[in-house]
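Participant: Below are the structure tokens for one structure; questions will follow.
The values are calculated or read from the model by the stated rules, or taken from the named source; none is laboratory data. Nothing here was measured: the structure is a model prediction, and the numbers come from that model. With ideal geometry, Cβ positions are generated from the backbone for all residues, glycine too; neighbour counts draw on all protein chains shown.
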Amino acid sequence: MKRLALARRETPTRGGAPAAFLIGLSFALALGAILLTISGDSVIEVYQRMFERSLGSKDVISATLNRATPMALAGLAVSIAATMGLWNIGAEGQILFGATAATFVGRLFPDLPGPVLIVAMLLGAAIGGALWALGPGLARAEIGVSEIITTLMLNEVALRLIQYLQNGPWKDPDGFSFAQITPRPEQAGLGDIWERAHLGVVIALVLIIGFAWFASRSVWGYELRIAGSSAKTAAYAGISMRSKILGVLLLSGAVAGFAGGIELSGTAVRLNENIANGYGFAGIIVAALALMRPSGVALVALAFGAVQVGGVSIQSIGVSSAVADILQALILFGAIGATVLSNYQVKMVERKVAV
Amino acid sequence: MSHPAVELDGIWKRFPGVIANAGASLTVRPGTVHAVLGENGAGKTTLMNCLAGVYRPDEGVVRVHGEEQKFSSPADAIAAGIGMVHQEFRLVPTFTVAENVVLGAAPRVISQSAIVRQVTDLAARFGFDAEPTRPVWQLSMGERQRVEILKALWRDARVLILDEPTAVLTPQEAVELGKVLRRMVEDGRSIIFISHKLDEVTSFCDEATVLRGGETVANSVPINDVDATELAKLMVGEVESAPVPDRVTTPGDVSMSVKGLKVTDTRGLRAVDGVSLEVRSGEIVGIAGVAGNGQRALTDAIAGLETIDAGTISVMGSDVTTAPPQARFAAGLAYVPEDRLGVGLAPKLPLAENAVMREYRKLRKGPFLSWSAASKFADDLVKRFGVKIGRVDLPLASLSGGNLQRILLGRELSGEPDVVVASQPTRGLDVAGVRAIQRLLLEQRDAGTAVLMVSEDLDELLALADRILVMVEGRIVGEFDARTASRAEIGESMMGAQA
């Protein structure tokens, strides 16, 4: 008995993913056009503005790059965990705690020269992020507790911690009655390198490319691929699953925490509860869209950033925020769906029966 | 008397390259427990799947209570009163016992308390002590099996097929099962009991049908009229064993010695229960036995993949009992696991990464791996062992079983081991693949390697091995000289019959 079924391709078609991305995008834009027509907005005007305000000039491209940076790093963090089949849903919390740790370093050494302080704060951010993943990592490696639940729950804890700090110990004495945290040292800001884009854009790109390269060439990356293949294969090859699980979650947390440090020094002036701004969750989508390949997250995050910046911009010409949100979702969903589907093919298969 | 509960007549079922049933027949009288016996691959499960509506036979007639049936789905078979308990249970772990029992066959309006009451009543009628409100994930394997049986009874199965029901049970649970089966038979139901354990068959069943090579070789033999030896003979047949290839060398010193090995499996049962064995240089020792008698745990424990409760393992005189797998490999112990793609190879990774899996530590250059050395290693492997591979950078998953096994065995042999432990090395391969792998193992023997080989194919062991050890329920119960032993006497020992 035969039936039609979706089967995973044994080998991905060359260029299939980018082509599918474009087709999915066009399809989403077409659907969006119908939506805009119904809502009474001018399709051409809206799309034109979306493009202009996200990728239309040096100025907006640089803003898009800034926006894409933390999402790319969060995407990298998620994809690192995914090489072992682990889900780090806690990048949001790790960004928050990373930024908190960087702020702590800034408060400890407020008089260090800029470059030294930046390095120290970014390092602190990475360590903070790793620390935030330590509990879930240990629980998963030692007793098999699902990291999905633990990392997710810690997001809320990190948020509450910042709220406590801004109402208590770290409250800005010059903020009058306003509950906000004292600004970070001024010299700890990442300078702009091109239009509005700050140095963090380059740092993130170097980190992503560096990681992808290191993972593909190093013994560590190789062991990770074996361990991600199956626990039994790892044992056979003499690789400790426990240390790999813990290591990969710590690294994933460190990268997300680092993103928090970049945000603090790049776009923010002080630690606040909105500093993660959903980037950690966006990172999950970015990683999924990049098919969990570290090498793909930069490009996907850029597209994601553009859609977000463009989505915000059209609200100022009268598109309702609901329609703008739907439009963003359509574009992302269309592109994700098409890209993932490009790994599959429709074929006739024998009806499967249990033996 | 009335019609037979089940009549299967001249059932043929072909799969690509395999004939699973070649005119098999089965007649089950109502109110009896009927054993279906046969070795692995004899066609038992396929025949039962034809009866349970999972497969449609290519030819042949299925009659249930005298009426001819053409099932096109398991649902049709259930409607006709056929229930099947598969080897792998099909339960929802988070649902309660009662919910699982009624799942898919619940009344339109569901009242939790009514269902719990009805399931309790049903269980009590057949002498189960079920706790209907407990979630299934809390239950032991034996308890889960009872839920499966209750599921079939809830659907009022008149004929219940149990596919190797005792494989997951402790001996006590097996005795309990026997009692439950009696109750069901007294209730007028019929039971088909698939097994290859003779002692159970003789204690639980009324009649037996024996399958061999897809055909019925003994039809409805009353259990009281035959003894275990006869049944064993029927199962394995009286095939002439293949000629043993001429030996070039004689076995030398002991290369590997295992003493008093005990291993507990993931279910908490003792899988290996005090195994001692020695393998000499230039000798192939075969381990024969029906699947699931601890062979996998034995070889995994020797290779360092299972925790050992007691006993020692030494390779070339050095004790490796507590050594990690890579240290055992370095000590000269190569391992070809039964599960090629889940243990021995990483299917998503390319050839080079699989080829160096055992010895990548030697190719280390600082934090990096020398990929040029790795691909040279892979190229050598391809050439030396005749692997047919298209692009070396593609994942291994697309390769054929024979090529995968060449890569796996080749990699293990490239370290020039003193001892090779190979588990089911030829299972599932085509004829050319089987020959190639067997030839490699014989070459190893002639070169003075000690080979321990687990196989379910008795003919293969008789052809290749020097000595054959029979493993039953985690113990070595018999040792045979492969040149003089007969298939029948080894078969009998495999079935647990007292020799």
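Participant: Regarding the stretch A:15-38, can at least one residue be identified that is modelled with pLDDT under 90, exposed (fewer than 14 other Cβ atoms within 10 Å of the Cβ) and not in a helix (DSSP H, G or I)?
Facilitator: yes
Participant: Give the residues of the stretch B:459-494 that are over 22 Å from B:Asp339 (Cα atoms) and either part of a helix (DSSP H, G or I) or not assigned by TED's automatic domain parsing to the domain that holds B:Ser276 (or both), sorted by residue number.
Facilitator: Once the filter is applied, which keeps residues that are over 22 Å from B:Asp339 (Cα atoms) and either part of a helix (DSSP H, G or I) or not assigned by TED's automatic domain parsing to the domain that holds B:Ser276 (or both), the stretch B:459-494 yields B:Leu462, B:Ala463, B:Arg487, B:Ala488, B:Glu489, B:Ile490, B:Gly491, B:Glu492, B:Ser493, B:Met494.
Participant: Looking at the stretch B:320-348 only, could you name the residues that are hydrophobic (A, V, I, L, M, F, W, C), more than 7 Å from every other protein chain (Cβ to nearest Cβ) and over 22 Å from the mean Cα position of the chain (by Cα)?
Facilitator: Passing the criteria: B:Val320, B:Ala323, B:Ala327, B:Phe329, B:Ala330, B:Ala331, B:Leu333, B:Ala334.
Participant: Moving on. So B:Ala297 fits all but one of (1) in contact with a Lys or Arg (Cβ under 8 Å, 6 or more places away or on another chain); (2) within 14 Å of chain A (Cβ to nearest Cβ); (3) not basic (Lys, Arg); what number is the exception?
Facilitator: (1)
Participant: Among residues belonging to the stretch B:129-179 that are β-branched (Val, Ile, Thr) and surrounded by 18 or more Cβ atoms within 10 Å (Cβ to Cβ), point out the one that is modelled with the lowest pLDDT.
Facilitator: Applying the filter and picking the extreme gives B:Val168.
Participant: Of all residues in the stretch B:2-35, how many are within 14 Å of chain A (Cβ to nearest Cβ) and under 20 Å from B:Asp163 (Cα atoms)?
Facilitator: Residues meeting the conditions: 3.
Participant: Give just the number: which of (1) in a helix (DSSP H, G or I); (2) away from chain B (no Cβ under 14 Å); (3) under 26 Å from the mean Cα position of the chain (by Cα) does A:Arg184 not satisfy?
Facilitator: If we test A:Arg184 against (1) in a helix (DSSP H, G or I); (2) away from chain B (no Cβ under 14 Å); (3) under 26 Å from the mean Cα position of the chain (by Cα), just (1) comes out false.
Participant: When the stretch B:330-345 is examined, which residues are found to be closer than 16 Å to B:Gly410 by Cβ and not in a helix (DSSP H, G or I)?
Facilitator: B:Ala334, B:Tyr335, B:Val336, B:Pro337, B:Leu345
Participant: Follow-up question, since we're still on this one. Can you say whether B:Val109 is under 23 Å from B:Val201 (Cβ atoms) and not hydroxyl-bearing (Ser, Thr, Tyr), as far as the supplied structure shows?
Facilitator: The answer is no for B:Val109.
Participant: Return the total of residues in the stretch A:224-233 being in contact with a Lys or Arg (Cβ under 7 Å, 6 or more places away or on another chain) and either at the interface with another protein chain (Cβ under 8 Å from one of its Cβ atoms) or buried (at least 23 other Cβ atoms within 10 Å of the Cβ) (or both).
Facilitator: 2
Participant: Applying the selection to the stretch B:271-290, what residues are surrounded by fewer than 17 Cβ atoms within 10 Å (Cβ to Cβ) and more than 24 Å from B:Leu464 (Cα to Cα)?
Facilitator: Matches in the stretch B:271-290: B:Gly274 only.
Participant: A further question on this structure: Looking at A:Thr83, A:Thr103, which one is in contact with a helix residue (DSSP H, G or I) (Cβ under 9 Å, 6 or more places away or on another chain) and under 30 Å from A:Gln163 (Cβ atoms)?
Facilitator: A:Thr103
Participant: Being crowded, with 16+ Cβ neighbours inside 10 Å and within 14 Å of chain B (Cβ to nearest Cβ) is the filter here; which residues of the stretch A:199-219 pass it?
Facilitator: A:Phe211, A:Ala215, A:Arg217, A:Ser218, A:Val219, listed by residue number.
Participant: With the stretch B:349-458 as the region, which helices (runs of 4 or more DSSP H) entirely inside it contain at least 3 residues that are away from chain A (no Cβ under 14 Å)?
Facilitator: B:371-385, B:401-414, B:431-446
Participant: Name the single residue that is farthest from the other protein chains (Cβ to nearest Cβ) among those in the stretch B:300-319 being over 21 Å from B:Leu413 (Cβ atoms) and part of a loop (DSSP other than H, G, I, E, B).
Facilitator: The selected residue is B:Gly317.
Participant: Further question on the same structure: Only one of A:Ile148, A:Ile226, A:Ile245 is over 22 Å from A:Leu117 (Cα atoms) and either touching a Gly at 6+ places or on another chain (Cβ under 8 Å) or of a type in the set (Asp, Glu) (or both); which?
Facilitator: A:Ile245
Participant: Something else: Which one of these is in a helix (DSSP H, G or I) and either touching a residue at least 60 places away in the same chain (Cβ under 8 Å) or in contact with a Pro (Cβ under 9 Å, 6 or more places away or on another chain) (or both): A:Gly129, A:Gly85, A:Gly135?
Facilitator: On inspection, the qualifying residue turns out to be A:Gly129.
Participant: So which strands (runs of 3 or more DSSP E) stay within the stretch B:1-102 end to end and still have 2 or more residues that are crowded, with 17+ Cβ neighbours inside 10 Å and among the β-branched types (Val, Ile, Thr)?
Facilitator: Hits in the stretch B:1-102: B:6-15, B:18-28, B:33-37, B:59-64, B:82-85.
Participant: Which number in (1) more than 14 Å from chain B (Cβ to nearest Cβ); (2) modelled with pLDDT of 95 or more marks the one condition that A:Arg196 misses?
Facilitator: (2)
Participant: Criterion first (surrounded by 20 or more Cβ atoms within 10 Å (Cβ to Cβ), outside any helix (DSSP H, G or I) and either more than 14 Å from every other protein chain (Cβ to nearest Cβ) or of a type outside the set (S, T, N, Q) (or both)) does A:Ile275 satisfy it?
Facilitator: Taking the combined requirement at face value, the residue satisfies it.
Participant: OK, next. So which residues in the stretch A:150-173 are surrounded by 14 or more Cβ atoms within 10 Å (Cβ to Cβ), at pLDDT below 95 and part of a helix (DSSP H, G or I)?
Facilitator: Residue satisfying the conditions is A:Gln166 alone.
Participant: Please name all residue pairs, on different chains or six or more residues apart, with Cβ atoms under 8 Å, provided the first residue is in the stretch B:36-55 and is more than 10 Å from chain A (Cβ to nearest Cβ) and the second residue is of a type in the set (Phe, Trp, Tyr) and crowded, with 24+ Cβ neighbours inside 10 Å.
Facilitator: Between residues of the stretch B:36-55 that are more than 10 Å from chain A (Cβ to nearest Cβ) and residues that are of a type in the set (Phe, Trp, Tyr) and crowded, with 24+ Cβ neighbours inside 10 Å, the close pairs are B:Val36/B:Phe193.
Participant: Right, something else. Quick one: B:Ala291 ticks every box in (1) in a loop (DSSP other than H, G, I, E, B); (2) facing another protein chain (nearest Cβ under 9 Å) bar one, so which box is it?
Facilitator: (2)
Participant: If you go through the stretch A:309-323, how many residues are within 19 Å of A:Gly56 (Cβ to Cβ) and buried (at least 20 other Cβ atoms within 10 Å of the Cβ)?
Facilitator: 6
Participant: Being free of Cβ contacts under 8 Å to residues at least 24 places away in the same chain and either assigned to a helix (DSSP H, G or I) or aromatic (Phe, Trp, Tyr) (or both) narrows it down to one of A:Ala235, A:Ala282, so name that one.
Facilitator: Answer to the selection: A:Ala235.
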